[in-house]
Structure formats: structure tokens, C-alpha cells
Amino acid sequence: MARLDLKGLGIALITPFKQDGSVDFEALGRLLDYQLRNGADYLVVLGTTGETPTLTEDEKTEIKKFIVEKVNHKVPLILGCGGNCTASVIEQAKRVNPDEFDAILSVAPFYNKPSQEGLYQHYKAIAEASPVPVVLYNVPGRTGVNIAASTTLRLARDFENIIAVKEASGNMSQIDEIIENKPKDFVVISGDDGITFPLITLGAVGVISVIGNAFPAEFSKMVRLALNGDYESARKIHRQFSELFSLLFVDGNPAGVKSMLSMMGFVENRLRLPLVPTTLTTYDKIKDVLEKLNIKIG
């Protein structure tokens, strides 16, 4: 079986909501068309950026069905499948249909702060149960626990179906250690838009992106240029978006990208509690940057 190719631009999809708070499937369809037309290499469904903790099980089922039918195998789909109860994650993983999803993205267990051995055993159990490949997701700023480079490398060596890590620790030396010592077929993916360019120069294969929801064409171009070794051209695009990278997260994710997408006419600027839209100050700053980039404000 061919190894799943995770090179390039992956999009951590948002979940659009209507003013009444329900899922806006019409807006989701528009976004999917936009991603597919503009260079997305694969899509991540029901990840953190999709506000998954605030969705009901019925909504998750509807969203998965809608995206699977809309995308129709045009690009690979990765399903967010994580939690801090290993048994529950295993049950989620077992229900994944390999005809619909090409891999799962599994975030490190949050809140209960397992040891490195606990993390290893958690992912070992998932890898042994999952019918599709597993992508580790290390985001200590959210989970409260860091998957050490030694643990990531141990998992990569021990389990053939653990194929990648989405690294959002921001620890460049840790990420570089993984890239330097990983098995040949295991890949490192940036989980942070702002450091994607430097990580690709170190050997990462791309990004699972938040800003790509709004700028798939521009961001995929930067990723491709960097992967092809044209660092000067890639750096120019990276610098164009550098101000937006920080504004995206100043009021939390996906508040920043949803405000951006609402200005561009794609979605309502609506989130589910406990998340709220960006402050007016942040909103105005984002609007100013978009205008400087000559982006049409709808």
C-alpha cells in the first residue's frame, strides 16, 4: 500500500455557524470549493480549529458526511480523533471508515498530564487499534503536556502506521531533533503557520494550517516554493503574512481566522461559547492588514 503523502498544505477546517448558532452547511460548502480550487493538498476535519469540543455527536456525524460527499476523494481527508481517555479514543478510531478518511490526527491527552511513558502507551494503543494511519499532534500550549522528541521518535520507529507528527510546540531544537533522527518514511508537519517557512528549511514537509482557510492559494504557493528550495521567493510571501500570523491567535483560535473569513464574505463572524469573536481592536487591525494586501473586503 502506498504511503499517504502529507507534503504541502493541509487545512485545519473551521466550522461555520449561522447567526442562530447552528452549523452553516452552505458556507461550509463554499469554503470547501474555495480550498479545492486554490491548492489545498489535504483537509483536516473536526480538529481544534473546527471548534469540535462544542459540537454535538449528531453535528459531528453530519459534518463528516457532508465533507466526505463534497470532497469525493479529490484530496485526502484526515479526521481529528483525540482525547484524554485512551479507551474512548480507541473506540473513536475503530469507527473510522478507511473508505472515507485517510488518516486520523490524534492530539496528546490534555489536562491529566501523562508522563512520557504514559504518552507512549496511549499512542501505542491507538496505533494498534486504528484501521487508518495515525498522525501525532503535539501542542503543549493547549494540552499542558509536551511529547518529547525521544517519545515521538520511539513511536515513529515502533509503529509503521504512525506516519507523521504535527508539531506545534514552537520548540525549534526539539523539532529539529525529530527531523534529524526520524525514520525515513516518517514526516514532520508544521502545526504553526508562523514558523512553517523556517521548519521547511529544516526538513518539515508542509503545514496543517489555520490561515490557509482564508489564503489557500498564497500559502500553498509559499509552501511549494520552500519545498522546491526557492527560499527567497517563499520568504517574501512569509513576510507578507507575518503580521496576520500573530493577529490570528491574539484572541484565540479560530476567532482570528473567522473574523478574516467574515470580512471576505465567506462566513458569519460567529463562534460557540466559551469562544467569542475577536475584540474590535483586533478586528480593525486584521482589516487594515487585509486592505494593505489588497484583499477585497465583502
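General observations
- Per the listing LEU290, LEU225, LEU261, the residue uniquely on the phi < 0 side of the Ramachandran plot, assigned to a helix (DSSP H, G or I), modelled with pLDDT under 95 and hydrophobic (A, V, I, L, M, F, W, C) is LEU290.
- Of the helices (runs of 4 or more DSSP H) entirely within the range 30-129, those holding at least 2 residues that are among the basic types (Lys, Arg) and without any contact (Cβ under 8 Å) to a residue 40 or more places away in the chain occupy 57-71.
Conditions (1) part of a loop (DSSP other than H, G, I, E, B); (2) under 13 Å from the mean Cα position of the chain (by Cα); (3) surrounded by fewer than 24 Cβ atoms within 10 Å (Cβ to Cβ), marked per residue:
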{"residue": "LYS166", "(1), (2), (3)": "no, yes, no"}
{"residue": "SER169", "(1), (2), (3)": "yes, no, yes"}
{"residue": "GLN174", "(1), (2), (3)": "no, no, yes"}
{"residue": "ILE179", "(1), (2), (3)": "no, no, yes"}
{"residue": "THR196", "(1), (2), (3)": "no, yes, no"}
{"residue": "ALA204", "(1), (2), (3)": "yes, no, no"}
{"residue": "VAL207", "(1), (2), (3)": "no, yes, no"}
{"residue": "GLY212", "(1), (2), (3)": "no, yes, no"}
{"residue": "GLU218", "(1), (2), (3)": "no, no, yes"}
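- The lone exception for GLY252 - which of (1) under 20 Å from the mean Cα position of the chain (by Cα); (2) assigned to a loop (DSSP other than H, G, I, E, B); (3) crowded, with 16+ Cβ neighbours inside 10 Å it fails: (3)
- Condition met for PRO114 (surrounded by fewer than 21 Cβ atoms within 10 Å (Cβ to Cβ) and either modelled with pLDDT of 95 or more or more than 20 Å from the chain's Cα centre (by Cα) (or both)): yes
- Conditions (1) within 21 Å of VAL89 (Cα to Cα); (2) in contact with a helix residue (DSSP H, G or I) (Cβ under 8 Å, 6 or more places away or on another chain); number of the one not met by GLU128: (2)
- Hits in the range 135-153 (condition: in a helix (DSSP H, G or I) and surrounded by fewer than 18 Cβ atoms within 10 Å (Cβ to Cβ)): PRO140, GLY141, ARG142, SER150
- Take the conditions (1) at pLDDT 95 or above; (2) on the phi > 0 side of the Ramachandran plot; GLY252 misses just one of them, which is (1).
The values are calculated or read from the model by the stated rules, or taken from the named source; none is laboratory data. Computed from a predicted structure; not experimentally measured. Neighbour counts are summed over all protein chains in view; Cβ atoms, including those assigned to glycine, are modelled from backbone coordinates with ideal geometry.
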